[in-house]
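*Asks:* Sharing a structure with you now.
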Amino acid sequence: MYDPRSLKAEEFINHDEILATLAYADEKKNDLTLVREILDKARERKGLSHREASVLLACEDEAVTAEIYALAEQIKKDFYGNRIVMFAPLYLSNYCVNGCVYCPYHHQNHHIPRKKLTQEEVRREVIALQDMGHKRLAIESGEDPVNNPIEYILECINTIYSIHHKNGAIRRVNVNIAATTVENYRKLKDAGIGTYILFQETYHKESYEKLHPTGPKHNYAYHTEAMDRAMEGGIDDVGLGVLFGLELYRYEFAGLLMHAEHLEAAHGVGPHTISLPRIKRADDIDPDTFDNGIDNETFARLCALIRISVPYTGIIISTRESQEVRGRLLRLGVSQISGASRTSVGGYTEEIRPTDTEQFDISDQRTLDEVVRWLMELGYIPSFCTACYREGRTGDRFMTLLKNGQIQNCCHPNALMTLKEFLEDYASDATRAIGEPLIERELLNIPKEKVRNIATEYIANIASGKRDFRF
Ligand code: SAM
């Protein structure tokens with residue numbers, strides 16, 4: 001039985017409800033009166049249900065598609081302004097006991113070198129990331145209770161936060177590790193993590209079990225209920241995601257929205273972020289062996305529809321995607337992107353990295369400086385801000401501020417101040433030449449005079465050594 005408030009995976013991601021949703025969407029997709037009513041509802045910026053959004057996904061009318069894109073662009077501007085938050089992944093270990101058929105870290109891959117960073121190596125990786133200008137990381141690890149137990153992950157988080165090289169600091173560590181226990185989530189919370197991210201991979205239970213034939217990840221309910229345990233452990237910022245290409249995208253889209261609805265219904269706070277990864281080529285993985293790959297157009301439509309269906313959520317796109325695709329999706333709703341990523345263990349420090357441990361091929365190979373400059377050329381403000389969770393603006397508090405527009409009063413100045421820090425410490429002359437006048441112009445867009453004055457004064461003092469002021 002379908003029940004969004006239930007804590008049982010098969011009730012909040014109910015297979016029959018998804019099938020009924022897809023049938024409803026097929027039946028209604030040409031009913032333009034209903035489609036327009038749904039679009040009108042989306043314009044209220046309070047989101048759409050999985051059924052409503054699925055009708056829009058199925059509708060092939062060109063004028064409707066244009067409206068969806070225009071609305072996604074507008075909602076993105078209303079909730080997130082022109083800021084794009086920057087981050088980088090840090091791979092700690094590729095030891096893994098799972099058998100995920102799409103991932104080269106699966107345990108039957110005997111030729112891939114296995115590597116786990118020592119604390120000294122973590123330190124060197126973090127210094128390399130700080131020297132690029134990164135302030136926010138997503139740590140990644142395979143699942144292996146012997147090689148990568150929670151104690152190892154916690155030790156790495158402590159090491160990462162303790163390193164201050166030159167003016168560098170990692171101020172927010174998000175965590176993407178396998179589903180775990182309430183007790184372990186509590187330990188992660190106590191270690192000061194930002195968002196706990198876990199991709200569902202696929203919401204389709206039968207496919208899920210085939211794609212994860214062995215290892216603890218085989219357990220669909222344990223994996224799907226992970227966010228509920230994370231919330232119980234005190235982590236109120238959680239990040240969802242589907243690995244597009246594994247199953248039919250319409251099924252995944254409905255499942256993803258049902259998961260978001262469930263978090264709201266059961267815990268009073270929806271997903272902090274939604275990631276949009278697509279399967280990539282990697283070591284012994286050929287993405288063409290999966291039948292459900294989606295083209296760029298469908299991918300863009302999914303992004304736009306997530307933006308209008310869950311208007312408050314951050315949308316993340318990684319370097320799995322090319323510059324061209326990322327540029328398009330930024331307009332349609334993406335609010336966070338990675339830059340200069342390496343998806344191998346030790347990837348940022350040549351002497352550490354064994355060859356060929358990459359988790360997947362990277363399409364966007366540019367440096368962070370180049371990505372930052374490109375974003376500014378497109379009219380965005382790259383933001384290195386990490387203030388929210390450090391100021392206690394998490395979970396419900398963050399969502400309330402975002403939904404009533406007040407978050408702009410801190411996010412915009414924080415973005416400008418951290419961008420200025422980046423320009424001062426790490427940028428090339430070409431990037432600085434674009435960034436300095438941009439910051440001056442954007443400071444004028446801070447509505448509150450008092451905030452504007454404080455930010456302007458802080459920015460003027462960055463050159464003389466001030467760092468890490470935040471609203
Ligand atoms: N091991 C953890 C887990 O099982 O959830 C998380 C870390 S894993 C390094 C991060 C994500 O990479 C996975 O959740 C999966 O969606 C994605 N991934 C795995 N293989 C991939 C591939 N070939 N192409 C693109 N993404 C992939």
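*Asks:* Please specify each residue of the range 236-247 satisfying the condition of being away from the ligand (no atom under 16 Å from the Cβ) and either at pLDDT below 95 or in a strand (DSSP E or B) (or both).
*Replies:* Once the filter is applied, which keeps residues that are away from the ligand (no atom under 16 Å from the Cβ) and either at pLDDT below 95 or in a strand (DSSP E or B) (or both), the range 236-247 yields only Asp236.
*Asks:* Same structure again: Go through (1) surrounded by 17 or more Cβ atoms within 10 Å (Cβ to Cβ); (2) within 14 Å of the ligand (Cβ to nearest atom) one by one and return the number of the condition Arg250 breaks.
*Replies:* Unmet for Arg250, out of (1) surrounded by 17 or more Cβ atoms within 10 Å (Cβ to Cβ); (2) within 14 Å of the ligand (Cβ to nearest atom): (2).
*Asks:* Yes or no: the range 378-396 includes at least one residue that is within 16 Å of the ligand (Cβ to nearest atom), touching a residue at least 12 places away in the same chain (Cβ under 8 Å) and either closer than 18 Å to Leu443 by Cα or of a type in the set (Gly, Ala, Ser) (or both).
*Replies:* There is no residue in the range 378-396 that is within 16 Å of the ligand (Cβ to nearest atom), touching a residue at least 12 places away in the same chain (Cβ under 8 Å) and either closer than 18 Å to Leu443 by Cα or of a type in the set (Gly, Ala, Ser) (or both).
*Asks:* Are any residues in the range 193-213 among the polar types (S, T, N, Q), away from the ligand (no atom under 13 Å from the Cβ) and either modelled with pLDDT under 95 or in contact with a Gly (Cβ under 9 Å, 6 or more places away or on another chain) (or both), and if so, which ones?
*Replies:* Thr195
*Asks:* Quick one: would you say His165 is under 27 Å from Ala9 (Cβ atoms), out of contact with any strand residue (DSSP E or B) (no Cβ under 6 Å at 6 or more places or on another chain) and either assigned to a loop (DSSP other than H, G, I, E, B) or open to solvent by less than 10 Å² (accessible area, probe 1.4 Å) (or both)?
*Replies:* Criteria not met by His165.
*Asks:* Please go through the range 221-247 and pick out each residue that is buried (at least 22 other Cβ atoms within 10 Å of the Cβ) and within 15 Å of Glu11 (Cβ to Cβ).
*Replies:* Once the filter is applied, which keeps residues that are buried (at least 22 other Cβ atoms within 10 Å of the Cβ) and within 15 Å of Glu11 (Cβ to Cβ), the range 221-247 yields Thr224, Met227.
*Asks:* Can you name every one of the helices (runs of 4 or more DSSP H) wholly within the range 7-123 that holds 2 or more residues which are open to solvent by 20 Å² or more (accessible area, probe 1.4 Å) and either within 26 Å of His204 (Cβ to Cβ) or within 16 Å of the ligand (Cβ to nearest atom) (or both)?
*Replies:* Here the list reads 9-12, 15-28, 50-58.
So that you can scan it fast, the table gives a plain yes or no per residue for (1) among the acidic types (Asp, Glu); (2) within 16 Å of the ligand (Cβ to nearest atom); (3) open to solvent by less than 10 Å² (accessible area, probe 1.4 Å):
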| position | (1), (2), (3) |
| --- | --- |
| Ala265 | no, no, no |
| Pro271 | no, yes, yes |
| Ala282 | no, yes, yes |
| Pro287 | no, yes, no |
| Asn292 | no, yes, no |
| Ile308 | no, no, yes |
| Gly314 | no, no, yes |
| Arg326 | no, yes, yes |
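*Asks:* Could you list, in sequence order, the residues of the range 124-142 that are within 16 Å of the ligand (Cβ to nearest atom) and not in a strand (DSSP E or B)?
*Replies:* Within the range 124-142, Glu125, Gly142 meet the criteria.
*Asks:* Among the residues of the range 155-164, are any of a type outside the set (D, E, K, R) and within 12 Å of the ligand (Cβ to nearest atom)?
*Replies:* No; the residues of the range 155-164 include none that is of a type outside the set (D, E, K, R) and within 12 Å of the ligand (Cβ to nearest atom).
*Asks:* Six or more apart or on different chains, Cβ atoms under 9 Å: show the pairs whose first residue is in the range 131-151 and more than 11 Å from Ile177 (Cβ to Cβ) and whose second is polar (S, T, N, Q) and more than 9 Å from the ligand (Cβ to nearest atom).
*Replies:* Met132/Thr367; Lys135/Thr386; Lys135/Thr418; Arg136/Asn174; Arg136/Gln336; Arg136/Thr386; Leu137/Asn174; Asn147/Ser93
*Asks:* Please verify whether Thr349 is open to solvent by less than 40 Å² (accessible area, probe 1.4 Å) and within 14 Å of the ligand (Cβ to nearest atom), treating the condition exactly as stated.
*Replies:* No, not satisfied.
*Asks:* Mind checking which residues of the range 407-427 are of a type in the set (Val, Ile, Thr) and either closer than 17 Å to Ala460 by Cα or touching a strand residue (DSSP E or B) at 6+ places or on another chain (Cβ under 6 Å) (or both)?
*Replies:* Thr418
*Asks:* Take the residues in the range 178-192 that are of a type outside the set (A, V, I, L, M) and not in a helix (DSSP H, G or I), then tell me which one is nearest to the ligand (Cβ to nearest atom).
*Replies:* By that ranking, first place goes to Thr180.
The values are calculated or read from the model by the stated rules, or taken from the named source; none is laboratory data. Bear in mind that the values here come from a model prediction, so they are computed numbers and not experimental data. Quick reminder, even Gly has a Cβ in these numbers, built from the backbone with ideal geometry, and neighbours come from all protein chains shown. Just so you know, the surface numbers come from the protein's heavy atoms only, side chains and all, with ligands and any DNA or RNA stripped out. Shrake-Rupley method; radii C 1.70, N 1.55, O 1.52, S 1.80 Å.
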